[in-house]
Amino acid sequence: MRAMRAETFSGYEGLKLIELPKPAVTKGKVMVRITAAGVTPLDYTILSGKFHGSKAPLVLGNEGAGVVEEGGGTDFPVGSRVMFFGTYGAFEDGTDSEWVAVRKEDLCLIPDNVDDVSAAGIPVAYLTAQVALTLAGFQTGKTVLAPAIGGSIGNAVTQLARGLGAKHAMSSTTNHAKAEQAKALGFNEVVDTSLEKLGDGVRRITSGYGADIVVDGIGGEVLSEGLGVLALGGSLTTLGYSASRKTTIDVTNLIVPQASIRGLNMFAQPQAAITDAWNVIVSLLKSGAIKPIVAKTFLLAEAADALRYLIEGRPFGRVVLTI
Ligand SMILES: NC(=O)c1ccc[n+]([C@@H]2O[C@H](COP(=O)([O-])OP(=O)(O)OC[C@H]3O[C@@H](n4cnc5c(N)ncnc54)[C@H](OP(=O)(O)O)[C@@H]3O)[C@@H](O)[C@H]2O)c1
């Protein structure tokens, strides 16, 4: 089978299109013919040699969509369309390939109203977003901020929070054109940080209240500004570092509102948390309350271009490989 493998973790040129044997279906695994694979910043972190625990050579691709060929039993009959996330593309070969033997518990049936390309970009962003909201104690009426409306996490948290009845589901962008695009897509609580500081925008939108929950995948200055808008008893979840792994915080932003900060690692979630998150996500997908956004698709052989487009082009929506 064809697969896009990182032969070395030395940047984009480490990616090579190669032939590998089709994986074997062992007990508890389901053979999935991959139709589309989501491109994520994790691919870039691994390819740059900055991810703990990944070993080259490694087929990248942490999430994907496809069709069940064998081993799914009555839950996932042959021919059913599935999407999944797991340790694929991080600690074992991933979805940038024609077949993956997927652990059954990682699979989720794709709702009929979602196509494979959109589905391939759902698992990482939406599972992470939903788990983050749950751990932060999200309830209807809460005020939520997730920076980077065009990014996968920012967009998924914003859509989920809105779909689940947040009082405010706020986001941001550093790019004026993306702020306009967000408005056109119906995201009306996006702070354009080319015009206004993140904190000022959040206080304007919430009439001074701030955010009960901040979910931050950006790090750097965005994280420290996010801490500055926490409401009384609020929390910030840090889960990514698109801008920077380092930041400086003003501790009074935690002390005065008795707020908290926590980390989130999706590779360390109990199965029950993932199952609960899938239930919420699938129900909102079926009702149309959340709508995954795909910016651009690339062919498997173009995986390096696809990743460069995600990291350097900073598109609005997901980048997906069609297999
Ligand atoms: N902990 C976990 O388990 C977990 C799970 C999923 C993802 N993550 C991590 O979360 C992070 C975000 O992932 P993602 O998929 O949302 O990324 P993404 O789709 O690539 O979006 C990142 C966004 O961040 C903004 N950005 C990039 N550089 C910036 C900078 N220097 N300053 C300010 N904003 C900047 C850009 O938005 P604008 O251009 O609009 O400003 C960009 O679109 C990544 O580090 C990813 O690895 C972690």
Region 125-265: relative contact order as a whole-number percent, Cα under 8 Å and 6+ apart: 20 percent
Residues F76, F51 in order from fewest to most other beta-carbon atoms within 10 Å are F51, F76
Only counting other Cβ atoms within 10 Å, I'd like F84, F316, F187 sorted with the fewest neighbours first. F316, F187, F84
Cα-based equivalent ellipsoid of region 144-252: semi-axis lengths in Å, sorted from largest, via gyration tensor: 19, 16, 13
Give me the number: length gained by fully extending A24 to D276, i.e. 0.36 nm times residue separation minus the C-alpha to C-alpha distance, one decimal in nm. 87.8 nm
Beyond 30 Å (Cα-Cα) in this structure, taken from K55/K286; K50/K291; K29/K167; K22/K296, we find K55/K286; K50/K291; K29/K167
Interchain or long-range residues, amide H under 5 Å from T40's placed H: N62
Which semi-axes, in whole Å and largest first, does the equivalent ellipsoid of region 12-145 have when worked out from the alpha carbon gyration tensor as the square roots of 5 times its eigenvalues? 25, 22, 13
Cβ-derived FRET efficiency at R0 45 Å, S80 paired with E196, nearest 0.05: 0.45
Part-to-part distance (alpha-carbon centres) for region 260-308 and region 109-148, which is given in Å: 6 Å
For labels at A289 and E7 in the simple 7 Å Cα→Cβ model, what's the distance in nm? 4.9 nm
Membrane-span-like helices (DSSP H runs, Cα span along own axis at least 15 Å, mean Kyte-Doolittle at least -0.5) in the chain -> 123-135, 152-163, 271-287
Given charges at Cβ of Lys, Arg, Asp, Glu: region 125-265 dipole, positive-most of I255, V157, N175: V157
Just the Cα atoms of the chain: what Rg and Dmax do they give in Å? 19.3, 59
How much of the DSSP bridge set in the chain is antiparallel, in percent, rounded to the nearest 5? 55 percent
Nearest-0.05 FRET efficiency for H176 and S48 at R0 = 30 Å, using Cβ-Cβ distance, is 0.55
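Every number here is computed from the coordinates shown, using simple stated rules; none is lab data. What you see is a predicted model; the values in this text were computed from it and never measured. Note that each Cβ is placed from the backbone with ideal geometry, even for glycine, and that neighbours are counted across all protein chains shown.
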